[in-house]
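Please see the structure below; I have some questions.
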Amino acid sequence: DAPMPPVRQGSITAETLAAGARISQDDSAMDFIANATGAIYAKSWTPQLQKLFAGQQTPQGMLSSVQSDYASQVGN
């Protein structure tokens, strides 16, 4: 219930707050990726994020790939 401080429209802070509101609305937050298993962090999250930022992967493709890697490693 705390009031939101004013932020400049179009700023990184405004974009971050908007993204946080969207995540909350979609109920789709996830844990910090460094809390993943060592293999998933090193062999899935890191290369998939690099591909995403290089324009070689889509957000949905990245998440699907990481989920598949996770399921193959832990069986769920």
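Quick one: what pairs do we get from region 58-76, first residue within 15 Å of Thr46 (Cβ to Cβ), second part of a helix (DSSP H, G or I) and open to solvent by 60 Å² or more (accessible area, probe 1.4 Å), C-beta under 8 Å, 6+ apart or different chains?
The qualifying pairs are Met62/Lys51; Asp69/Lys43.
Could you list all residues from region 29-76 that are at pLDDT below 85, open to solvent by 70 Å² or more (accessible area, probe 1.4 Å) and under 30 Å from Met4 (Cα atoms)?
Listed by number, the residues that qualify are Ala29, Met30, Asp31, Phe32, Asn35.
I'd like the full set of residues that are open to solvent by 100 Å² or more (accessible area, probe 1.4 Å) and modelled with pLDDT of 90 or more, limited to region 1-28.
Residues satisfying the conditions are Pro6, Arg8, Gln9, Ile12, Glu15.
The values are calculated or read from the model by the stated rules, or taken from the named source; none is laboratory data. Since the structure is predicted, the reported quantities are computational estimates derived from the model, not experimental observations. Every residue, glycine among them, receives a Cβ derived from its backbone with ideal geometry; neighbour counts consider all protein chains shown. For the accessible areas, the whole protein counts, side chains as well, though only heavy atoms, and no ligand, DNA or RNA atoms are used. Shrake-Rupley method; radii C 1.70, N 1.55, O 1.52, S 1.80 Å.
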